[in-house]
Amino acid sequence: MRGLAAARSPRAHAVVAFVRCRGLPRATGVALLVALAATVFAGQRVAVPEFRYLVDFSVPVAEVVPLAHAVVLATTLFSPMADLEQTAAQPMSRLRGGYLVVLLALAMGLTALPLLGGATAEVFGSAARNVVGYLGLGMISARLFGSGLAWLLPLGMFGPTLLLGVDSDNTPEPWAWSLHASSSTSAAVVAVLLWLAGAVAAATGRPRQTERAEQ
């Protein structure tokens, strides 16, 4: 038993170091505060600006806050100790893959909290889809521009969606997947594809040299 514990100890220490050096505990705390606020205001809705057409369209707060969860968690993808990780004795691919699954599980758990505040199952379905898609965009953004700019692609998608995503007949445009109902298969497919693309980019990519220098 002692031998088994001793064998597991270095691996456990490696996992803890892997998580802590990415700032996941702090990011989780920030995202949790956002999720708690969303739970308190679960019954509120966010009106889409009347920018393109005279419309009366709104979405529940719980469907919007997944953007924040995705951005905050995506900033933890890469470590300032990336150079040391590349020379580690143990392959890091499994840790990276497992870490992406942990991020997704955290995002889904945070998205589910508004259910305690009265959010419906339908709202949760849309919110869960949105957090998957925006997390994928955040991971792609972190890979391309650095963890500090993980917000770039998610906000770059959310802005036009909010301003131009509703048609004159008061229905979401086909490309505005995050505004679609939870029953929309096409929106779910887009979200899953975005997450898969982000996961591949995050698992196989490395932080930019400029990001390492800044950190």
Would you point out the residue of region 32-51, among those that are under 9 Å from P114 (Cβ atoms) and assigned to a loop (DSSP other than H, G, I, E, B), that is most open to solvent (accessible area, probe 1.4 Å)? F41
Residue pairs within 7 Å by beta carbon, gap of at least six or interchain, first lying in region 103-120 and touching a residue at least 24 places away in the same chain (Cβ under 8 Å), second among the hydroxyl-bearing types (S, T, Y), listed first then second, are L106/T28; L113/T39; P114/T39; L116/T39; G117/T39
Flag if V19 is β-branched (V, I, T), modelled with pLDDT of 70 or more, over 22 Å from P154 (Cα atoms) and open to solvent by less than 70 Å² (accessible area, probe 1.4 Å): no
Looking at region 157-174 only, could you name the residues that are of a type in the set (A, V, I, L, M) and either under 28 Å from L24 (Cα atoms) or surrounded by 15 or more Cβ atoms within 10 Å (Cβ to Cβ) (or both)? M157, L162, L164, V166
Could you tell me whether any residue of region 175-183 is closer than 16 Å to A31 by Cβ and touching a helix residue (DSSP H, G or I) at 6+ places or on another chain (Cβ under 9 Å)? no
Which of the following residues is among the hydroxyl-bearing types (S, T, Y) and in a loop (DSSP other than H, G, I, E, B): S178, S126, S141, S183? S183
Considering only residues that are in contact with a Phe, Trp or Tyr (Cβ under 8 Å, 6 or more places away or on another chain) and open to solvent by less than 50 Å² (accessible area, probe 1.4 Å), which ones fall in region 147-156? S147, P154
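The values are calculated or read from the model by the stated rules, or taken from the named source; none is laboratory data. Being a predicted model, the structure only gives us computed values, none of them experimental. Heads up, the Cβs are rebuilt from the backbone with ideal geometry, glycines too, and the neighbour counts pull from every protein chain shown. These area figures cover heavy atoms from the full protein model, side chains too; ligands, DNA and RNA do not enter into them. Shrake-Rupley method; radii C 1.70, N 1.55, O 1.52, S 1.80 Å.
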